[in-house]
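Visitor: Below are the structure tokens for one structure; questions will follow.
Read-outs: derived from the displayed coordinates by stated rules, not from any lab. Here the structure is a predicted model, which is why all the values come from computation and not from measurement. Cβ placement follows ideal geometry from the backbone for every residue including glycine, while neighbour counts extend to all protein chains displayed.
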Amino acid sequence: MQPIPHHSKDPHHDHRWLILGLIGTAQLLVVLDVTIVNIALPSAQRDLGFSDEDRQWVVTAYALAFGSLLLLGGRIADLFGRKWTFVVGLLGFASASALGGAAGSFELLVGARALQGTFGALLAPAALSLLTTTFTQPAERAKAFGVFGAIAGMGGAFGLLLGGVLTEVLDWRWCLYVSIVFAVPAAVASVRLLQHAPAPSRPRLDIPGTLVASSGLFSLVLGLARAESDGWGSPVTLGFLAASTLLLVTFVALQRRTEHPLLPLRVVADRDRGGSFLALGTAGAGIFAVFLFLTFYLQQTKGLSALETGLAFLPMTFAIVVSATIASTRLLVRTGPRPLVPTGMLGTATGLVLLTRIGVDTAYVSHVLPSLILVGLGFGFIVAPAFATATAGVGERDSGVASAMADTSQQIGGAIGTALLSTLAVAASTNFASERGQATELLRQAAVEGYVTAFWWGAGIFVVGAVVCGSLLRSIAHPAIAETGLVDASSR
């Protein structure tokens, strides 16, 4: 199968690199807002006067809306066109950010974060779908996915840095307002650069599937959030997780029977695609051990400011950019995803194991910096090939929902990782303190004990992921990719 000539079939060809900039901006917005608000939370809490127990909802509201609506957002992009879904997502995200920045109450702030997540669920799959359909030539596709993977990987760390700068120099509200600076110009440029490509046919939206899938994902994310705050044995936690399991099993059964499914099972049935979704979920779960607990360690144990903490993550950001670019442009076309993703997971696991050496008085350069570089190099080897493989070979009518599954995998993985690792870390800290006492220095050591426990478990997640993904993903011969730039399941 030869690539379709761009000049005759692809209206985006002449502006494809500018379009890549728009797509990168959208992806940065979505990933950025997962972490940028974390830095601003202490200041927002003092300003609006909400409790420590309520604080988590500023983060959870975004995750709930984003994670539960991604599949719907992907199908909307397929049915109504990627251009206008993308533009509406950008403008809606900007409006929600403005509302959150101006919030005078805790309730309005949480509502604005939920709105951000809702429009992010439109924006993210439309962006990845545009990338998939705009870049079909092998070499250019590899470069584009290298850029996209680097942004997906470094966005969280960049959010910490930008959040630190804005909180210290301006005000916590600018951690929300800054999204307007990115989103509005990108929306204006999108109206001019992107061309609307209506779907050849517009089948009915799968309303039952949409309701069941959204409810199942909502219950899953909310159950995981309650597990973090109330414990895994809480009746509320168990109730939401049980409901989620039942709803998602029902969703799969519905998708097998309906004529126009929300998520065609052919999208996830392919081994490479399924392995890529699993890789993105594993990466999301494990990397939160770095972002969350290392941030606590640097600020609360080592006494770094928000800005200094963001700067401390820069080496990992640069390492992700380098490895994601090399993996996409030099290696993926030769080796396929099988050697890259497991190698990246083992490299990230090694970096997390090295992080278990930290203590109350250990130095950043000797005990943190080498680990961050290893984690960054490994993470780039995971996300760039996984995103490229997850959307390769998908028909244009399904590109939006396949993109949504990639984003959903990463989001749900992150929610699972946050809840699981937080619970384990708190338990380790509590046990340490109960055995040794409540003196200030011992409490600091107890906190570090919790972080170290999270790093060990995070490393374990990546090791298991390397084994499972290595058994699912395939090595694809270079000639096949050189001819098509796509992975066609029917050729296997």
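Visitor: Taking region 15-103, which chymotrypsin sites (Phe, Trp or Tyr not before Pro) meet the DSSP loop condition and have no more than 14 other C-beta atoms within 10 Å?
Guide: Sites meeting the loop and neighbour criteria: none at all.
Visitor: Determine, for each peptide in 414-422, 67-75, 349-357, the mean count of other beta carbons within 10 angstrom over its residues, then list the peptides with the highest first.
Guide: On the way: 414-422: 23.8, 67-75: 26.6, 349-357: 21.1.
The most tightly packed comes first, giving 67-75, 414-422, 349-357.
Visitor: Please tell me the relative contact order of the chain in percent, rounded to the nearest whole number, where contacts are Cα pairs under 8 Å and at least six residues apart.
Guide: So the answer I get is 23 percent.
Visitor: Using Cα atoms only, what is the angle between the long axis of helix 440-472 and the major principal axis of the chain, expressed in degrees (0 to 90) to the nearest 10?
Guide: On a 0 to 90 degree scale, this one is about 20.
Visitor: What angle, in degrees between 0 and 90 and rounded to the nearest 10, separates the Cα long axis of helix 52-80 from the longest principal axis of the Cα atoms of the chain?
Guide: 0 degrees
Visitor: Ranked highest first by the average count of other Cβ atoms within 10 Å around their residues, in what order do 403-413, 180-190, 455-465 fall?
Guide: Top to bottom by mean Cβ count within 10 Å: 403-413, 455-465, 180-190.
Visitor: Relative to the longest principal axis of the C-alpha atoms of the chain, give the angle of the C-alpha long axis of helix 16-48, reported between 0 and 90° and rounded to the nearest 10°.
Guide: Roughly 20 degrees between the two axes.
Visitor: How large is the dipole of the chain about the Cα centre if only Lys and Arg carry +1 and Asp and Glu carry -1, each at its Cβ, rounded to the nearest 20 debye? Walk me through the intermediate numbers first.
Guide: Details: 30 positive and 28 negative charges, 253 e Å.
The calculation lands at about 1220 debye.
Visitor: State the answer as a single residue: which of A427, W232, A77 lies farthest towards the positive end of the charge dipole of the chain, with beta carbon charges of +1 for Lys and Arg and -1 for Asp and Glu, about the Cα centre.
Guide: The one lying farthest along the dipole's positive direction is A77.
Visitor: Which order do the peptides 469-475, 276-282 come out in when sorted by mean C-beta neighbours inside 10 angstrom, highest first?
Guide: Averaged packing, sorted descending, gives the order 276-282, 469-475.
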